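The block underneath contains the structure these notes are about, expressed in structure tokens.
The values are calculated or read from the model by the stated rules, or taken from the named source; none is laboratory data. This is a predicted model, so every value here is computed, not measured. Cβ coordinates were reconstructed from backbone atoms using ideal geometry, including for glycine residues, and neighbour counts include every protein chain displayed.
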Amino acid sequence: MKATLRGELSGPAIVALRRLRGWSQGELARRLGVDVSTVCRWERSSRIPSRRDCLAIESVVNEVAAVSER
């Protein structure tokens, strides 16, 4: 399942994508190179991820999807 976010991502969407991959907040943070508190803030919508962060999330999620589909 390929995610196409186009630089816009809500907190619930981040939670859904993370859970789809079976990742903890810590795992997503590690893959993105950010602190787990950042992922937590994004997911609670107390902080909005930048366009760059959204594209990074899309990239990591799709990278794993591509490997899984092989």
Residue tally, condition at pLDDT 95 or above and hydroxyl-bearing (Ser, Thr, Tyr), over region 21-70: 3
Region 32-54, residues that are assigned to a helix (DSSP H, G or I) and of a type outside the set (Ser, Thr, Tyr): Leu32, Val36, Val39, Cys40, Arg41, Trp42, Glu43, Arg51, Arg52, Asp53, Cys54
Near pairs, Cβ below 6 angstrom, 6+ apart or cross-chain, from region 32-54 (closer than 14 Å to Gly11 by Cβ) to any residue that is of a type in the set (S, T, N, Q): Val39/Gln25; Cys40/Gln25
